[in-house]
Amino acid sequence: MFLRVRVVQKYGGSSVADAESIKRVAKRVVATKQLGHDVVVVISAMGDTTDELMDLALQVTPQPPPRELDMLLTAGERMSAALLAMAIADQGLHARSLTGSQAGIITTGTHGNARIIDITPGRITKALDADDIVIVAGFQGVAQDTKDVTTLGRGASDTTAVALAASLGADYCEIYTDVDGVYTADPRIVPSAQRIPEISYEEMLEMAACGAKILHLRCVEYARRERVPVQVRSSFSDKPGTWVRDPQPVDPDAQPDPEGAPVEQAIISGVAHDRGEAKITIVGVPDKIGEAARIFEAVAATEINIDMIVQNVSAVATSRTDISFTLPKTDGVTAITALNALQEEVGFTDVLYDDQIGKVSVVGVGMRSHPGVTAKFFSALAAANVNIGMISTSEIRISVVVDQDDVDRAVAAAHTAFGLDATEQAVVYAGTGR
Ligand code: ADP
Ligand code: ASP
Ligand code: MG
C-alpha cells in the first residue's frame, strides 16, 4: 500500500554550489514528488555565497549596520530558491519559491541571530494543496515588531527546515549535505571517522553544542522539543545516512547496518571540535560577593552566550582573583566593550582576549555508567603532546580548551583512544569546509 508522506528536505550550500548542482538537486526533489509525497524544500545559499557577501559588506564598511547586513545575506538564499524553482519547472513540475517572510517565519528582531517565535505557514499549505512543490529560502524570517528581514544565525537553514517540519506536521525532515551523515568526528579532520546510523536527540544536541557543524544547534533543540525525526544524509549519494530521533525499539529481525558504527559499543559516541570560540580573562577581580554576578550581568545584557567559565583561587595577599570564560569569537568586540565600561565600577585590573584557541569535546551517554573516561581522554591528549587550558563537563560530555594549532591532533588522538577509528575512509563529497 502506498503511504503518502509529507517531507521537508533541506539542501546545504555545497549541494547547490553551481547550476549543475541545482539541476541535480531538482532531480532529487522531483523524484520524491513523483512518488506522490508532499515536498517542502529548504535551500541554503549557493556554495560560499554567504561568506562572500559578508566579505563584500566588510569591504564597504568595517561595521555594517545589522539590519542592512541581513538584507544582504538573505539575498543568497533567495537566489538559490528561485533557481531551484526554475530547474524544477524545467523538469516539468510546478514549484513555488518563497522567502522566509513569505513562508510565514516570524522571528525576534535580533539581526544576525533572530529566533523563530511563530510560523504561519498558510501560503505553504495552500501551495501544497495545489500539489505544488514549495521551496523556502533558508535561515531567514521577518521580525514580528519591525517587519524587517532577519537572519537566524550562520548555518541556520537546518533550523528553518526542522521548524517548518514541526509546523507542517511533516513525517520527517531530511537534511542533505556533503557527507554521508553524522560521523564519530568531522571526516575532514579524521578520515577514519565512522558514520553513526542512529543518534539520540540528547547526544546530537551535545555534539552540535560542542561545534559539530553538521547540524545547527537550534535545529536539534527544535527537533527534540517537537519530536521531529531528522535524517542527515548526502545529496551526492544514496547511502542511508544518520537518523536523529528517539531511540527505536530493537527489531530482532533487522539486518545490521554493514557500514555503520557498531551500535553496542559507545562509551563515547563522538568527538567534536569548535574553532569559533575565544577566551576572555578578567584579571584582578576583587574577591567579594556579587562581583562575578555584576560582570556576567553586563555580558548577559549584550545577549552574548558564554560557554566555559573558570575562576582561579584568589591570591591571599591581594584578595583578588582572575575569571576566564569562553564565548563566540563573533561576540568578542561587544563583550570587551561591555567589560571595559565596567572596569572602574568593579575595580578589576585588566581584560585579556585570546582567539587562538579551540575546544575539543568527547560526547556519549555511555559516560554515565563508565568511570575513567576523563582519565583516558586526558592521557590521550598528553600522549599527543596537547596542553589543556580549560576544562568543563556535563553528564554526557567532557570539553577542553586547547591551543588552536593543537585541535586536529587532539581530535584524532581522542578518536583513536576511544576505539572509534574505522578501517575505511569517510567520503567528503564537496564543500570547502569554510
Ligand atoms: P551544509 O552546507 O550542507 O549545511 P555544513 O558545512 O554546514 O554543510 O556541514 C557539513 C560539514 O560538517 C561536513 O562537511 C563536515 O566537515 C562537518 N562536520 C563536523 N562535524 C561532523 C560530524 N561529526 N559528522 C559529519 N560531519 C561533520
Ligand atoms: N547560508 C547560511 C550560512 O552560510 C545559512 C545556511 O547555509 O544554513 O550560514
Ligand atoms: Mg550547515
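The values are calculated or read from the model by the stated rules, or taken from the named source; none is laboratory data. Owing to the predicted nature of the structure, the values given are computational and were not obtained by experimental measurement. Glycine gets a Cβ as well: all are built from the backbone with ideal geometry, and neighbour counts include every protein chain shown. Keep in mind that these areas ignore ligands, DNA and RNA; they rest on the heavy atoms of the full protein, side chains included. Shrake-Rupley method; radii C 1.70, N 1.55, O 1.52, S 1.80 Å.
Things worth noting here:
- Val407 meets all of the listed conditions (1) under 19 Å from Ser324 (Cβ atoms); (2) open to solvent by 20 Å² or more (accessible area, probe 1.4 Å); (3) assigned to a helix (DSSP H, G or I) but one, namely (2).
- Taken over the stretch 303-328, the residue count meeting the criterion of being out of contact with any Gly (no Cβ under 8 Å at 6 or more places or on another chain) and surrounded by fewer than 13 Cβ atoms within 10 Å (Cβ to Cβ) is 7.
- Val134 within 13 Å of ligand 2 (Cβ to nearest atom), of a type in the set (Val, Ile, Thr), open to solvent by less than 10 Å² (accessible area, probe 1.4 Å) and outside any loop (DSSP other than H, G, I, E, B): no
- Qualifying residue in the stretch 20-31 (condition: within 20 Å of the chain's Cα centre (by Cα), at pLDDT 95 or above and either surrounded by 21 or more Cβ atoms within 10 Å (Cβ to Cβ) or aromatic (Phe, Trp, Tyr) (or both)): no
- If only residues of the stretch 1-19 that are open to solvent by less than 10 Å² (accessible area, probe 1.4 Å) and aliphatic (A, V, I, L, M) are counted, the one that is nearest to Asp90 (Cα to Cα) is Val16.
- Out of Ala95, Ala103, sole residue that is away from ligand 1 (no atom under 16 Å from the Cβ), among the aliphatic types (A, V, I, L, M), open to solvent by less than 20 Å² (accessible area, probe 1.4 Å) and within 17 Å of Glu77 (Cβ to Cβ): Ala103
- When each of Ala185, Ala137 is tested for being near ligand 1 (Cβ under 10 Å from one of its atoms), in contact with a helix residue (DSSP H, G or I) (Cβ under 6 Å, 6 or more places away or on another chain) and among the aliphatic types (A, V, I, L, M), the lone residue that passes is Ala185.
- Answer from Arg195, Arg188, Arg224 - the residue that is farther than 20 Å from Glu424 by Cα and at pLDDT 95 or above: Arg224
- Identity of the residue in the stretch 38-48, within 11 Å of ligand 1 (Cβ to nearest atom) and either in contact with a Pro (Cβ under 8 Å, 6 or more places away or on another chain) or open to solvent by 10 Å² or more (accessible area, probe 1.4 Å) (or both), that ends up farthest from Val5 (Cα to Cα): Asp48
- From the options Ala57, Ala85, residue that is surrounded by fewer than 21 Cβ atoms within 10 Å (Cβ to Cβ), of a type in the set (A, V, I, L, M), at pLDDT 95 or above and more than 20 Å from Ala430 (Cα to Cα): Ala57
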